Each structure stands twice: as structure tokens, then as C-alpha cells.
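K.L.:
Next up is a structure, given as C-alpha cells.
The values are calculated or read from the model by the stated rules, or taken from the named source; none is laboratory data. If you're wondering where the values come from, they're calculated on a predicted model, not measured in any experiment. Virtual Cβ from ideal backbone geometry, glycine too; neighbours counted across all protein chains shown.
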């Protein structure tokens with residue numbers, strides 16, 4: 001409330017009523033938009049982790065071949081959409097390897113240990129591509 005004193009008797013006016021109403025409406029709209037965004041992100045998340053290599057033996061070559069097959073399918077599916085350049089670069093940086101991880105593992109590790117490492121590493125990459133794929137479906 002703002003009071004003006006023009007003469008001996010002060011006159012008071014209400015100010016900010018419209019401003020307060022617009023602020024409340026904007027706050028409510030922003031809260032709803034944030035809730036919808038959070039719901040979209042978390043509803044589309046898988047509740048449990050996907051086992052990308054179910055049924056693949058503990059052979060590093062078999063793991064790498066399974067990964068190559070899956071990443072090729074996902075890569076093609078994601079890039080078949082009309083994407084911005086930054087999405088294409090992100091997908092490319094996840095899917096393309098200069099030196100495959102299988103070639104970087106030391107020879108001292110046995111095949112079972114190599115397969116475990118590759119399943120974890122390539123599983124994370126596939127999870128990332130899967131998340132991008134789900135986001136771009138919206």
C-alpha cells in the first residue's frame with residue numbers, strides 16, 4: 001500500500017495487486033512446467049538396468065561383436081530422425097571409437113575378466129544411446 005499526502009488528509013492507494021497476481025500465475029505455470037519436465041525425464045527411465053549382453057558368453061570377442069551389432073542399430077535409429085548438429089556429434093562421440101576398448105585391454109587379463117570389463121564399459125555406452133533415443137522420441 002502506498003500513501004500519498006497531498007493535503008492534510010493522507011490518501012492511500014493499493015499498488016502491486018496486478019503485479020502480485022501475475023507473479024503468482026507465472027510461479028504456478030513455472031512449477032507445472034518443471035513438474036512436467038521431471039515427469040517426462042523420470043517416467044521414460046527404465047526402472048531396472050537393461051542387460052544388453054544377456055546370453056553373451058564370457059568371451060571378449062563375442063561381447064564386442066554383440067556391442068557392434070546393437071550400437072549400429074541404435075545409431076541408425078537415432079540418426080534417422082531429424083537431429084540438430086549437436087545431437088549428431090554427441091551420438092557420434094558415444095558410438096564411434098578410434099581404438100576399440102577390446103584392443104586396449106592388457107594381455108595379462110584372462111578372457112572372463114576382459115568380458116566383464118567390456119560388458120560394463122559397452123553397457124554404459126549403450127545406456128547413453130538408449131537415453132538419447134528415448135529423449136529424441138518425444
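K.L.:
Any idea which of 62, 34, 66 is at pLDDT below 75 and either part of a helix (DSSP H, G or I) or not assigned by TED's automatic domain parsing to the domain that holds residue 127 (or both)?
P.N.:
Numbers: 62 fails: at pLDDT below 75; 66 fails: at pLDDT below 75.
Of 62, 34, 66, the one residue that is at pLDDT below 75 and either part of a helix (DSSP H, G or I) or not assigned by TED's automatic domain parsing to the domain that holds residue 127 (or both) is 34.
K.L.:
Which residue is farthest from the chain's Cα centre (by Cα), if the candidates are limited to the range 93-133 and must be in contact (Cβ under 8 Å) with a residue 60 or more places away in the chain and surrounded by 16 or more Cβ atoms within 10 Å (Cβ to Cβ)?
P.N.:
Residue satisfying both the conditions and the ranking: 119.
K.L.:
Within the range 74-85, is even one residue assigned by TED's automatic domain parsing to the domain that holds residue 125, under 14 Å from residue 102 (Cβ atoms) and modelled with pLDDT of 85 or more?
P.N.:
Here is the first cut: in the range 74-85, the ones assigned by TED's automatic domain parsing to the domain that holds residue 125 are 74-85.
In the following step, the residues that additionally are under 14 Å from residue 102 (Cβ atoms) were identified as none.
No, that holds for no residue.
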